[in-house]
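Read the structure below first, then the notes.
Nothing in this text is a laboratory measurement; each read-out follows from the coordinates by a stated rule. Everything quoted here is computed from the prediction, not taken from an experiment. Cβ sites come from the backbone with ideal geometry, for glycine too, and all protein chains shown count toward neighbours.
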């Protein structure tokens, strides 16, 4: 059965209720179809109305009760009366403001919006997990809560989910992200930080413009902006210990004017990445200190705004060990990808969950040599559907559910 070429057009998640390979293949086939349907209808953070409707209709088809959480989020619990440890499994559901450049049958139908980070695949993997767990609900050792979370892409969706009670009763939580820079069949899931924290900054340099032929009669904010940009790059090079991973990047300079006009104002913007949460306040302080000192040296004034976003995603050792064991059962003992330094400097709002309760987050490789090397947030990115059965099995193992024979089920 080619579950990838013959992906169904409709959402069909119905609990046929057997342990067999046929049911497993039906679940994975439905997961592939669900993923591609979500890819066709991407929605931006906090706008995931149709996505939420698809998720909730699928849960209804499966006979799984759910509740709305944080607006477009959805929370559902299986085996709520089981006596064992209560775990949570999370997927993010939002898309990005990117115009897709792919030619697949399931390409985005919404111009300027696409699933360029694989949240369609994360959601589909959690839905196939829901289908499999529902068919084996009476065998689950403890409750399992499924969290379909909105607004991961900068919208602090996890924070809103927590505020709306999504973690109530959950003892430990697990999540994952597909990663095109890791070969298919490999993964990383360290103790400690797996992804960095982040923030952004804006610097406004107010000078006094004038004629380009008479710079002595101006206070040039463009020149000051150049000096500030160069000086900010020295924070990591000279003022942060090399043992602490961190990044300060100036990503834009705006000072619109005519070719013969020195403007009054220049604006800088940029990104901050930190692996150690204790570095945040110090780096923020240095950005402000350096910007204002450089501005003063050039006779202009600097206004600095810093916006903290997400903290580092820091795994708890016990839960990371459990997730590594589940990954190893599926990918084999050589699953760990040693060539990717961790933490990676991208960020995730799964960090909010890990600050509240124990848990772990893994990066699982997508690059199988068949075009799945394009990085996340690229207009040419596409989720690798071969990850769906792998992650469904990993999640099922973490939940303590039975699986069909590995040699037969692993038709990836």
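Please work out the Cα center distance from the stretch 156-198 to the stretch 293-328, rounded to the nearest Å. Going from one Cα centre to the other spans 15 Å.
This ranking places 347, 318 by how few other beta-carbon atoms lie within 10 Å of each, fewest first, which gives 318, 347. Just checking the listed ones, 281, 79, 325: in the Gaussian network model of the chain with Cα springs under 10 Å, the one fluctuating most is 281. Just checking the listed ones, 275, 52, 317: in the Gaussian network model of the chain with Cα springs under 10 Å, the one fluctuating most is 317. When a/c reaches 1.5 or more, the comparison of a/b and b/c decides; with that in mind, is the stretch 72-175 rounded, prolate or oblate per its Cα gyration tensor? In terms of gyration-tensor shape, oblate. A prolate overall shape is assigned to the stretch 237-276, the ratio a/c of its alpha-carbon gyration tensor axes (a ≥ b ≥ c) being 1.5 or greater and a/b exceeding b/c. Across the stretch 199-236, the residues whose backbone nitrogen lies under 14 Å from the label position 7 Å along the beta-carbon direction of residue 303 are 202-207. Averaging over all projection directions, the Cα-based convex hull of the stretch 7-157 occupies 8.7 nm² in the image plane. Listed by Cβ neighbour count within 10 Å, with the fewest neighbours leading, 345, 114 appear as 345, 114.
Sorting the segments 150-157, 58-65, 392-399 by their residues' average number of neighbouring beta-carbon atoms within 10 angstrom, most packed first, yields 392-399, 150-157, 58-65. Once Rg and the Kirkwood radius are both taken over the C-alpha atoms of the stretch 197-308, their ratio Rg/Rh works out to 1.04. Taken along the Cα-to-beta-carbon direction at a fixed 7 Å, the label points for residue 109 and residue 336 span 4.6 nm. Its residue count N sets the reference 2.2 N^0.38 Å, and the alpha-carbon radius of gyration of the stretch 305-412 equals 1.22 times that reference. With N counted as the residues of the chain, its alpha-carbon radius of gyration over 2.2 N^0.38 Å works out to 1.10.
Between 268, 363, 388, the GNM of the chain built on Cα springs shorter than 10 angstrom shows 268 fluctuating the most. Taking every DSSP beta bridge that has both ends in the chain, the antiparallel portion is near 70%.
Projecting label points 7 angstrom from Cα along Cα→Cβ for residue 241 and residue 289 puts them 1.7 nm apart.
Listing 66, 176 from fewest to most neighbouring C-beta atoms within 10 Å gives 66, 176.
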